[in-house]
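None of the figures in this text is laboratory data; all of them are computed from the coordinates on show. As the structure is a computational prediction, the values presented were derived from the model and not from experiment. Please note: Cβ atoms are built from the backbone with ideal geometry, for glycine as well, and neighbour counts cover all protein chains shown.
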Amino acid sequence: MVKRPQALSGSAAVAANRGAVRTPKQRAGDAAEAAACALLQQAGCRIVARNIRYREGELDIVAWDGATLVFVEVRLRRDAGRFGGAAASVDAFKRRRLTRAARHYLAERCGDDARRWPPCRFDVVAGDGAALQWLRDAFGEGD
């Protein structure tokens, strides 16, 4: 029987990457995710996981906002004018990957019966330059 590797989250993911050399882009992404966590916590959210990786995709942040489980995608763009802003970079392909990863996360923790899953939503924290913008309910499962 082949054991499926556990998804790394939070400090475990950071510890796994400690020995790895991080590029400037990766370090900027790490800083944006940390700032996004701080923004969510200031608004009353409780962070339960970070950087959950599955074959289907990666969940940057998983948090509770009251009774709603929130899957948060953090996007960063230095030059919003060239290819659109950070929020615009969450295209249909990325939304499908996030939805699949969220389903995997829920199935692992709540079982395969979707009727037993908590209310969920997908948010985006977008960074264009220095400012972060929190887009609540940025897209739905069918988008």
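Here are some notes:
- Shape of the range 18-132, Cα gyration tensor, a/c cut at 1.5: prolate
- For Ala49, residues with placed amide H under 5 Å, excluding near neighbours: Val62
- Entry note, the range 39-143: relative contact order of 26 percent, from Cα contacts under 8 Å with a spacing of 6+ residues.
- Selection of trypsin sites (Lys or Arg not before Pro), the range 69-134, meeting DSSP coil and at most 15 other Cβ within 10 Å: Arg78
- For Arg50, neighbours were defined as the other residues whose beta-carbon sits under 13 Å from its Cβ, and their charges (Lys and Arg +1, Asp and Glu -1) total -3.
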